[in-house]
Amino acid sequence: MSDEHDKIPSRSQRKREADRLQAVGEKILGLTDARLAQLPLPDALRQAIEIARKLTQRGALRRQRQYIGRLMRELDVSELEEALQGLEGEDADDRAVFHAAERWRDRLVMEGMPALEDFFNAYPAADRQRLRQLVVAIRADAASGKAPRRHRELFREIRPVVAAGFEQDQDTGKMHG
């Protein structure tokens, strides 16, 4: 009789599991469409998520979240959690690349050619001529008091270079800065 009793989860255990599933559901609801498409979801759950995203009334949204939780209780959520962790890792990598590119852009704007040489040492595949032209133009614009519109252009030029370096460094374990 105690064996049967041990197999039945307590009410607290069931509530903890329901809370965990709800947290996973909330993460899924917060994903972009592109990220959502990458997850291994059954059609019924995918449709329930799409409906929840369209709802604006709090009560209806709460009921839809509960329905999503009920659908998730029927699934093996461990595979879904692994996929979510993988997506979160990708997001962290994207943020790291973005911030590194911002730091390089700011440094290139402030320091000019010395920073540009450091950038070329860190990223030898960068388009030297284009980046030199942009840095010179940005510094000339700053001297004449023009709007910093070329900052965005510089960022668009260096971000893919930094991203390529980041991906390459994932294998070696080092990071450009």
**OP:** Considering the options ILE158, ALA140, LEU80, tell which one lies farthest towards the positive end of the dipole of the chain, charges being +1 on Lys and Arg and -1 on Asp and Glu at the Cβ, about the Cα centre.
**Re:** ALA140
**OP:** Extending each Cα 7 Å along its Cβ direction at SER144 and HIS99, get the distance between those two points in nm, one decimal.
**Re:** 3.6 nm
Subject >> Nearest-ten-degree value, helix 77-111 long axis tilted from longest Cα axis of the chain >> reply: 20 degrees
Subject >> Nitroxide proxy distance, nm - points 7 Å out along Cα→Cβ at ALA37 and ARG11 >> reply: 4.6 nm
Original post:
Counting every Cα pair in region 2-75, what percent are over 16 Å apart?
Top reply: 53 percent
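Based on DSSP H runs of at least 4 residues, each adding -39500 (n - 2.57), what is the mean residue ellipticity at 222 nm of the chain after dividing by all its residues, to the nearest 500 deg cm²/dmol?
Working: 9 runs with 143 residues, N = 177.
Counting only the DSSP helices, I get -27000 deg cm²/dmol.
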Subject >> Sequence ranges 133-146, 105-118, ranked by mean other-Cβ count within 10 angstrom, highest first >> reply: 105-118, 133-146
**OP:** Starting from the Cα of LYS27, step 7 Å along the direction of its Cβ; do the same at ASP127; then give the gap between the two resulting points in nm.
**Re:** 3.9 nm
Original post:
Looking at [x] 1.75; [y] 1.11; [z] 1.56, which value of Cα Rg over 2.2 N^0.38 Å comes from a calculation on the structure shown?
Top reply: [z]
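Read-outs throughout are calculated quantities, based only on the coordinates presented, and are distinct from any laboratory measurement. Keep in mind it's a predicted model, so treat the numbers as computed, not measured. Neighbour counts run over all protein chains shown; Cβ positions are idealised from the backbone, glycine included.
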